[in-house]
Amino acid sequence: MPETDRVSADDLVYLSRDPLNAETPLERQVGVITPASRHYVRDHFAIPAGPDRLAIDGAVRTPLELDVDQIRSMPPRSLVVTLECAGNGRAFLDPPVAGEQWRTGAVGTAEWTGTPLRAVLQMAEPLSSAVEVLCIGADTGTPADVGKRIAYERSLPIADALRDDVLLAYAMNGNDLPPEHGAPLRLVVPGWYGMASVKWLARLRLLERRFDGFFQTDRYVVGDRPLREIAARALISWPRDGERLAKRPFVARGYAWSGRGDLAGVEVSTDGGGSWQDATLSDGTGRYAWRPWHAAVSPRASGQLVLVARAVTSAGTTQPLDEVRNERGYENNAARPVLVEVA
């Protein structure tokens, strides 16, 4: 079987091996935390040898280099954060669009531990003219659209980079970062799509103008808008699509999250969106982590049930039922139906 085919393993569902791109098997998710071995992986290039030093330069008064041990010696902070690839759900678009054909498993939740990015930036004393922080990874390659070797790099507006909850993370679920998740040091930007959480972080460069590199203006952008906060989404993790169940009550389960406002609830339909009932949404483990939900379902007859779950935010935004289309299929948070056969 070609490596580009989707093949199941014990821990991940692989889309490609080189670069490594693999989904979280959501049907195996238990509780809030995703084990590192099952957390989705999105790589653009081959996994590099992680740098042991972080450089901070550009529009700063005090350019500096810190080794990872120095960063680990600073006061730590831990946050439970759901990361999601901006292309999650792309595989369902019809007609299809280019890019990794993620279904719904390009998402996972971990406890990340590290030093707030703000603390390191303040050591370098940013100039008042700095408007963005360019985050440069050690992973490099030659995209076909570019024709030259480049690094994976994304920028953050300075105000966002100085948020207390943006981390230079060195641990995942209480252990050192695994190589595929950015060891020894990665960025974690809570509430934003995963493209902002640069892995194998090598350099922070403060800029006096907006960054216009490939991964900022050609990828991870809709129109001229670089992607940022995660659109609200609820997913059904059980029952699975195609499941055959006896005609008796059962409990549907899943997860819901949003980077664009707090979750207010999850609604579930058993008739493809014709009618809705409120699900029970579990308490959260933090504002940036997905929340489990469940709903009792009582089939009235044998035949096919079309289960759909949708998230509702405190601002009144409801997850769409129709696909969200753009050139590369970003932010397609359309609710996914699950077809169940009741016998």
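The values are calculated or read from the model by the stated rules, or taken from the named source; none is laboratory data. The structure presented is a predicted model; accordingly, all values stated were derived computationally and were not measured. Here the Cβ is made from the backbone with ideal geometry for all residues, glycine too, and neighbour counts use every protein chain on show. Side chains are part of the model used for accessible areas, which takes the heavy atoms of the whole protein and leaves out ligands, DNA and RNA. Shrake-Rupley method; radii C 1.70, N 1.55, O 1.52, S 1.80 Å.
Before moving on, here are some points about what is shown:
- Computed Rg/Rh of segment 86-127, alpha carbon atoms with Kirkwood Rh: 1.33
- Whole-percent carbon and sulfur share, accessible surface of the chain, 1.4 Å: 46 percent
- Top of Thr285, Thr313, Thr109 by mean-square fluctuation, Gaussian network on the chain, Cα under 10 Å: Thr285
- Think of it as helices only: each DSSP H run of n ≥ 4 in the chain is worth -39500 (n - 2.57), and spread over all residues that comes to -1000 deg cm²/dmol at 222 nm.
- Distance in nm between pseudo-label sites at Ala144 and Asp283 (7 Å out along the Cβ direction from Cα): 5.1 nm
- 5 angstrom amide H check on Ser237, placed H, neighbours 5+ away: Arg253, Gly254, Tyr255
- Using a Förster distance of 51 Å, the FRET efficiency for Ser302-Leu64 (Cβ separation, nearest 0.05): 0.15
- The structure-derived value of Cα extents along the principal axes in Å appears in the list [x] 72, 50, 33; [y] 71, 41, 37; [z] 57, 53, 45 under the label [y].
- Within segment 23-71, the trypsin sites (Lys or Arg not before Pro) that combine a DSSP coil assignment with at most 11 other C-beta atoms in a 10 angstrom radius are Arg61.
- Cβ-placed point charges (K, R +1; D, E -1), dipole of segment 135-196 about Cα centre in debye, nearest 20: 200 debye
- Dipole of the chain, positive direction: furthest Cα of Phe214, Ala334, Leu134, with charges on the beta-carbon: Ala334
- Accessible surface, 1.4 Å probe, highest first, among residues Asp262, Asp69: Asp69, Asp262
- For the peptides 163-171, 175-183, the ranking by mean Cβ contacts within 10 Å, running from highest to lowest, is 163-171, 175-183.
- Cα-centred dipole magnitude for the chain, charges only on beta-carbon of K, R (+1) and D, E (-1), debye, nearest 20: 440 debye
- Within the chain, percent of DSSP bridges classed antiparallel, to nearest 5: 90 percent
- Residue-normalised accessible area of the chain, expressed per residue, 1.4 Å probe, Å²: 44 Å²
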